[in-house]
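Worksheet: one structure, shown below.
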Amino acid sequence: MSGASIEWMGRLAAWRSGGSAGPLRVTLFPTNRCNLRCSICWQRWADVDRTEMSDERLMRLVDECAELGVREWLIIGGGEPMVRGQIVMKMISRIRELGMNGGLHTNGTIFDQAHFEELIRVGWQRVTVSLDGPNEEINDSIRSKGSFAKATENIRKLGELKRQRNALLPGISLYVTLTKLTCDKVEDIIELSHALGCDHELSLSDLIVQGERCEELALTKDDWKTLRASARRAEILANRYGMSTNLACYAEDSGQPASSGLRPVQWAHGDPANAICYEPWLSLSILPDGKCGPCCAFYDPGADSLANLSLQEVWRGKYLEEVRRQLREKHPPDYCSRCPSNNMALANWQRQVYHEHEFWRRLTGARRFAYLARKGVQSIRKHGVLTSVKRGAEWVRLHRH
């Protein structure tokens, strides 16, 4: 677990005390242009705005982020970020110069040797490649013809170059959107990830059902049952390979991330602890035209924009303050309905950890010992001794922070 992934509790504490903190994470969509035409992409059913911030504004944004204390970046696509590969690579180099790091989320088809060399040289944290199936037949039936071969070839090239340079970074991940074509093939996805040498993680995500093709590929109730069984088998396989995944989200009986079930905690100063999601206090998503919101599901033409405001002005501006109020009062913006499963899982986990920390903080003496003993026994029964020791060390790090 990275320092930044622990730091979120400190950022919330700053807001809780009546002050504020800058965003911990920034998600940037540099462009809506793309070299592929995936049938389940949002661009198939929505009007696409081609407006983009200039290269100069994007480079200035990197400096503004450093000044506000941003730690993590995710450079991702409304389209394909490497369509603007020249400026993206310049930004990545500057991000690393200023002590930040992050991820590049891509379809994996637009890379050359120089890109890989630079990612390794600067120590970029991770590259995540999206696929829609564990083989060419399934993937290319949803994406463009030849995309599976190009993406997997580039994953192998990056992995081989890392081995030649004896480099640990960037970590290589796969990201797969689940459809009825893949609900029984989660084990195949694990095998593919392992065969390609993906050494960071595997993330699965729900299909956002909008448009005719998405409806055709959406999971039915029977498909969800099939998916749960496949995910449970795949968990065993992933553990054997030592692979980090979010399979637990899909192995649950509900088939989707479970709610934390904790009672909300009330704080003064409009503290975010009672909110259903912490993203507006911790992260900022920036669309190609400069409009800003709390997360990757965000889209609102009325949002504040970096086209005419500084990052500080946007972060403490009227739009995001209103979103924070809505989430505290459990009346989220409409776009929250598009929240992907991995974001929901993160929100549930953060809420559980934060509330548990406040419960722990109020315990003293023997009650703390009894709580730890009970929690340890439960963990050993569920996860075994070795995994419980690792989870316990992670828990201590979080709550000491």
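Brief remarks on what is shown
- Per residue, the chain reaches -15500 deg cm²/dmol at 222 nm when only DSSP H runs of four or more residues are counted, each adding -39500 (n - 2.57).
- Contact order relative to length of the stretch 15-79, as percent, for alpha carbon pairs under 8 angstrom and 6 or more apart: 65
- Carbon and sulfur %, accessible surface of the chain computed with the full protein complex present, 1.4 Å: 50
- Taking the chain and dividing mean pair separation by its residue count, relative contact order in percent (alpha carbons under 8 Å, at least six apart): 18
- A cut-off of 5 Å between modelled amide H atoms, ignoring neighbours fewer than 5 places along the same chain, links Thr128 with Leu104, His105, Thr106, Ser173.
- The 3J(HN,Hα) values that the Karplus relation (6.51, -1.76, 1.60; θ = phi - 60°) gives for the stretch 376-387 are, in residue order, x, 5, 4, 5, 5, 4, 8, 10, x, 5, 4, 5 Hz. Gly and Pro appear as x.
- What separates the Cα centres of the stretch 208-232 and the stretch 313-328 is a distance of 34 Å.
- Peptides 144-151, 245-252 ranked from most to least packed by the mean count of surrounding Cβ atoms within 10 Å: 245-252, 144-151.
- Using a probe of 1.4 angstrom and keeping all protein chains present, the accessible surface of the chain works out to 48 square angstrom per residue.
- Cysteines (scope the chain) whose Cβ has no counterpart Cys Cβ under 4.7 Å: Cys34, Cys65, Cys183, Cys198, Cys214, Cys249, Cys277, Cys292, Cys295, Cys296, Cys336, Cys339
- From phi via Karplus (6.51, -1.76, 1.60), per-residue ³J(HN,Hα) for the stretch 126-140 in Hz, x at Gly/Pro: 7, 10, 10, 10, 8, 10, 10, x, x, 8, 4, 4, 6, 4, 6
- Only protein heavy atoms count here; on that basis, with a 1.4 Å probe, Cys296 has an accessible area of about 60 Å².
- When each of Lys90/Lys330; Lys157/Lys221; Lys225/Lys318; Lys145/Lys185; Lys221/Lys382; Lys90/Lys390 is checked by Cα-Cα distance, pairs over 32 Å: Lys90/Lys330; Lys157/Lys221; Lys225/Lys318; Lys90/Lys390
- Applying the Karplus relation 6.51 cos²θ - 1.76 cosθ + 1.60 with θ = phi - 60° to the stretch 64-75 yields 3J(HN,Hα) values of 4, 4, 4, 5, 8, x, 4, 10, 10, 10, 10, 9 Hz, where x marks Gly and Pro.
The values are calculated or read from the model by the stated rules, or taken from the named source; none is laboratory data. This is a predicted model, so every value here is computed, not measured. Backbone-built Cβ (ideal geometry, glycine too); neighbour counts: all protein chains shown. Just the protein is used for accessible areas: all its heavy atoms, side chains included, with ligands, DNA and RNA removed. Shrake-Rupley method; radii C 1.70, N 1.55, O 1.52, S 1.80 Å.
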